[in-house]
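Read the structure below first, then the notes.
The values are calculated or read from the model by the stated rules, or taken from the named source; none is laboratory data. What you are looking at is a predicted structure, and each value in this text was computed from that prediction instead of being measured. Cβ sites come from the backbone with ideal geometry, for glycine too, and all protein chains shown count toward neighbours.
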Amino acid sequence: MDIHTLARQRPLALVRDQIRDSLDEVARDLERFHRNPDQNRELDGCNARLRQVSGCLTMLELPGALCLVGEMQALLSAIGDPDRLKHERGCELLISAALFLPRYLDYVHSLGRETPALLLPTINLLRYARRAGLIPEHAFVDHRLPQHVLPTLDSGTPAHDDLPHQVRSLRHQYQVGLIGVIRDHAPQSHLQLLSRTLEQLLNRCGQQPFNEVWQLALGLLEALRDGQLKLDFSLRHMLGRVDRELRRLADQGPALLARPMDQELRAHLLYYLAKADAADGRVRTLQARYRLSGCVDSQRHLEQERQRLQSPDRDATAAVAEQLLDDLAQVKAGLLALPAPTEAPATGLRTLTGNLDQIALTLELLGLDQAMHQCRRLARQLPALAADGVSANHTAMADQMVSIEITLQAYAEGVPQQSLNQDHCDHLRLAEENTLRVARQSLAGIRDALEDHFDPYGPGAGQGPLPEALVPMLRQVEGALRMLELTELAELLQPLAAVLGEQGRPLPGAGSRELAAMADAIASVEWFLEDYGRERRRAPAAGMAEAGAMPD
């Protein structure tokens with residue numbers, strides 16, 4: 001163990017218990033405030049204790065932990081302001097963060113150094129809760145990266161006087177590829193387009209110091225194409241930074257080429273190149289040139305360490321998953337409330353699209369890649385509704401969100417990410433099982449509510465309106481059946497939907513033939529789903545045809 005590690009461990013050991021006691025008090029005060037929001041004294045105490053913790057972490061030079069405490073303070077000040085707070089579970093997230101930070105400090109003490117990337121999911125969950133932008137991974141570039149390395153640049157033709165015009169043309173080509181990458185549309189081909197653009201730019205700029213930015217960006221693109229790095233929010237952000245360098249060159253012209261590249265951008269690009277697991281090619285050459293071996297923790301090591309620290313933060317991520325379910329429900333309600341697509345207001349569609357994009361970003365943050373891709377596809381399809389004359393598309397898109405909801409429900413219940421991100425067949429099988437469960441539970445709830453309402457010995461005895469929750473429950477069942485391609489069963493419920501969903505329509509009387517037909521329809525669907533689920537468990541790969549006919 002070196003002297004720097006000992007120097008860091010000793011002061012942390014002295015104040016670690018004090019920090020833990022302060023954060024425990026913060027958690028207790030937040031719980032009291034959560035039970036009684038009218039009392040603000042607890043929030044003042046939390047602020048005072050978090051300032052003390054922040055002072056200790058500043059002294060210890062732990063930027064990652066200090067950033068987390070800063071986000072806790074920012075969310076604490078946002079509680080009670082509905083315009084700033086994303087959802088009402090802010091207290092739960094703060095309590096989880098307060099309980100998680102001492103565990104992280106124990107990890108830092110045992111390791112002798114900080115790994116801020118492990119805190120990034122928790123930090124971004126707190127920022128999401130108060131409607132703030134997410135922090136990319138390169139915000140905490142490791143201090144061990146080389147700071148002064150003179151690269152050997154490739155030779156090329158000298159820059160021409162019309163370089164700004166050429167750069168503007170190449171920037172347009174780069175932006176086409178960048179938009180395709182951001183939208184996750186054929187990412188491999190668009191990554192290739194970005195690489196070709198920077199290759200052309202490298203040849204036209206000649207041998208100049210500023211060319212270093214294009215060489216490092218080309219290495220990053222190669223690592224993304226070869227799967228050495230995962231194309232996530234942080235790396236999309238980096239590709240956008242390269243686009244801004246193109247704009248600078250177009251504005252300032254050849255004079256910019258004689259200057260070195262931006263040192264912050266350089267450190268960020270080197271960080272990702274150091275993380276890449278390359279055996280050969282341009283990435284391996286750059287790693288050797290800049291002596292990047294062992295500079296940062298590998299992607300595999302970070303994933304292992306995140307799993308070690310994940311359990312105390314499970315409550316926070318589950319709370320966000322539950323909030324995303326609420327957000328999806330609001331998007332579905334907004335879709336169903338829209339008029340016919342040709343009459344749908346553009347502002348309403350833009351709002352729903354923005355909500356879906358934000359949900360997709362958070363799904364990516366949680367590591368739910370399959371659900372994130374589904375959500376982004378829906379966000380791309382939504383603007384087309386304004387030009388489509390088929391009003392049923394609203395309902396069809398709402399039905400497609402059921403799979404995302406099922407994934408979030410499973411994640412909130414503790415199903416690991418690996419199980420939810422496995423191949424499409426396994427994911428679809430899990431989705432079908434959960435969809436069957438939701439449909440059967442909803443049908444049972446509808447049946448019980450109808451029996452209670454029309455019970456001749458009950459308090460209402462068929463008088464008064466039905467419970468308001470029945471219509472949403474029925475729509476949920478219909479959406480689940482259509483997702484399972486059980487269209488005939490969904491149509492069996494349409495007479496019931498007409499009675500429950502039409503305002504002002506008189507309810508059938510107890511003992512009437514119409515009520516008996518409604519009860520038969522519900523029973524038929526329940527019987528079929530029971531048989532269907534049994535067949536799916538017996539033969540998971542079997543299709544609907546193998547599930548048997550609907551009982552008479």
Open item on the list: Yes or no: the range 192-206 includes at least one residue that is surrounded by 17 or more Cβ atoms within 10 Å (Cβ to Cβ), part of a loop (DSSP other than H, G, I, E, B) and modelled with pLDDT under 90.
Closed with: yes
Task: In the range 323-351, residue surrounded by the fewest Cβ atoms within 10 Å (Cβ to Cβ) [restricted to those that are at pLDDT 80 or above and among the acidic types (Asp, Glu)] - done: Asp326
TODO: Would you check if Arg35 is basic (Lys, Arg), assigned by TED's automatic domain parsing to the domain that holds Ile135 and modelled with pLDDT under 90?
DONE: yes
Open item on the list: Checking the structure you have, find out if any residue of the range 410-428 is within 16 Å of Asp327 (Cα to Cα), buried (at least 19 other Cβ atoms within 10 Å of the Cβ) and at pLDDT 75 or above.
Closed with: yes
